[in-house]
Amino acid sequence: MRYVRLGEMPQKHHVQFRQPDGALYKEEVFGTRGFSGRSSTLYHIRMPTQVAGFERLEDRRPQLVQDEALQHRHLKTHNLPQKGNVVSGRVPMMFNNDVMLAYAHTAEPMPYFFKNADGDEALYIHRGSGKLESVFGTIPYGPGDYLVIPRGTIYRLAEDESGTRIFVIESASPIEVPKRYRNEYGQLLEHAPYRERDIRVPGTLETNQESGHHEVRILARGIMNAYHYGFHPFDLIGWDGYVYPFAFNVNDFQPITGQVHLPPPIHQTFEARNFVICSFVPRMLDYHPEAVPVPYNHSNIDSDEVLFYANDKFASRRGIEEGSITLHPSGIPHGPQPGAAEASLGKTETKELAVMVDTFYPLHITQQALAMEDPEYPFSWQE
């Protein structure tokens, strides 16, 4: 990530920086990996440690299905009713120690602020628009945006209207730009499928000096807590550094194509510990005269493959609808359904749009996911 500076700050860090009334601004180092990772320096009007009260709310750890069978799965989110907001309305579907995948179909705005102290988040906006409001500033968002929010960031989604649909990826480790796309200085290389100018960082910093009760809900160790403050949490006068939320639109991903079908790593968009996030976007198809444009059969021995279908134009699948989620676990092969390979011959382009999460350790299915499951999907490869 590149260096970003927004608002006011002193020439040097860790020196006196005074408010108009002579009081010191409260400096905070917002860092990762102790003091050896990326960090930002924040300047508050009030002490960020000044809490008025707190309480435990609920256990948010997902409940797994015990002794589940090894099978391909198809979850239908399209009919998921509207519920809560982007935090309270999340329906966990699958998880392991590295990542939790959920879906939200919102019914109401967020009346509080939120901080995920358990991990980074990547929110893929399937439907809806609004503003990501955070302590670092504001980022407008719309369909196709990934909102990548670092662990510990206080934020709130201000939707233009309820009914936003979001594919949620919660990561126990930082969600980052893949190392192979960057040089030793962190700059994106010429072969990278996107560039720095495609990444949208907070553009406006609104310093809020409002007093009165404000609630910040904090997810930590799987437990949701409510922290109460006597002032607005977005009280920064300025900040700079390398840790901040950002947006990246899937339509700005530049697809890589070849003579014959290329493997999924060419679609990689982000990486984290023990999983990757990929984007399948509209693109030209393979151009060898005898190419078979749809994927070959694949035994993913070391990874579970999850696909979220942002539209229904995925050529290698049948029975898939917009909002579908498939899980192809390690241990059994997956591939195009009968007739898909033949139907793809001679095609020159695809309009598919999907997000893939490949995990390097097995995923557990949740109780909530079973209510969305298509029981016929494992048999969809029958002739």
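Just so it is clear, none of the values below were taken in a lab; they were calculated from the coordinates. Computed from a predicted structure; not experimentally measured. Virtual Cβ from ideal backbone geometry, glycine too; neighbours counted across all protein chains shown.
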With the 8 Å Cα cutoff and a minimum separation of six or more residues, the chain has a relative contact order in percent of 21
Applying the gyration tensor rule to the Cα atoms of the stretch 243-383 (axes a ≥ b ≥ c; rounded if a/c under 1.5, else prolate if a/b exceeds b/c, else oblate), the class is oblate
Label-to-label distance, nm, for residues given as LEU70 and GLU376 (7 Å Cα→Cβ offset)
2.7
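Can you work out the FRET efficiency for the pair ASN97 and GLN367, with r the C-beta to C-beta distance and R0 = 30 Å, to the nearest 0.05?
Computed FRET efficiency for ASN97 and GLN367: 0.95.
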Nearest-0.05 FRET efficiency for ALA226 and VAL15, computed from C-beta distance (R0 25 Å)
0.10
Full-extension gain between GLN63 and GLU321, please, as 0.36 nm times their residue separation minus the C-alpha to C-alpha distance.
90.3 nm
Placing +1 on the Cβ of each Lys and Arg and -1 on the Cβ of each Asp and Glu in the stretch 259-383, which of PRO333, GLY319, LEU285 has its Cα farthest towards the positive end of the resulting dipole?
LEU285
Residue by residue, what Karplus-based ³J(HN,Hα) values in Hz, rounded to whole numbers, does the stretch 238-251 have, using 6.51, -1.76 and 1.60 with θ = phi - 60° and x for Gly and Pro?
x, 7, 8, x, 10, 10, 5, x, 8, 10, 9, 8, 4, 6
Cα-based count: Lys pairs in the chain below 20 Å, eight or more positions apart or different chains?
8
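When THR257, THR350 are ordered from fewest to most other Cβ atoms inside 10 Å of their Cβ, what list results?
THR257, THR350
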What does the net charge come to around LYS12 if you take all other residues with beta carbon closer than 13 Å to its beta carbon, with K and R at +1 and D and E at -1?
-2
In the stretch 63-101, which residues have a backbone nitrogen under 17 Å from the label point lying 7 Å from ASP312's Cα in the Cα-to-Cβ direction?
74-80
Residue-span extension gain [HIS288 to ARG33] - 0.36 nm each, minus C-alpha spacing:
87.1 nm
Calculate the spin-label point distance for TYR3 paired with HIS298, positioning each point 7 Å from the Cα along the beta-carbon direction, and give it in nanometres.
4.0
Top of ARG33, ARG180, ARG61 by mean-square fluctuation, Gaussian network on the chain, Cα under 10 Å
ARG33
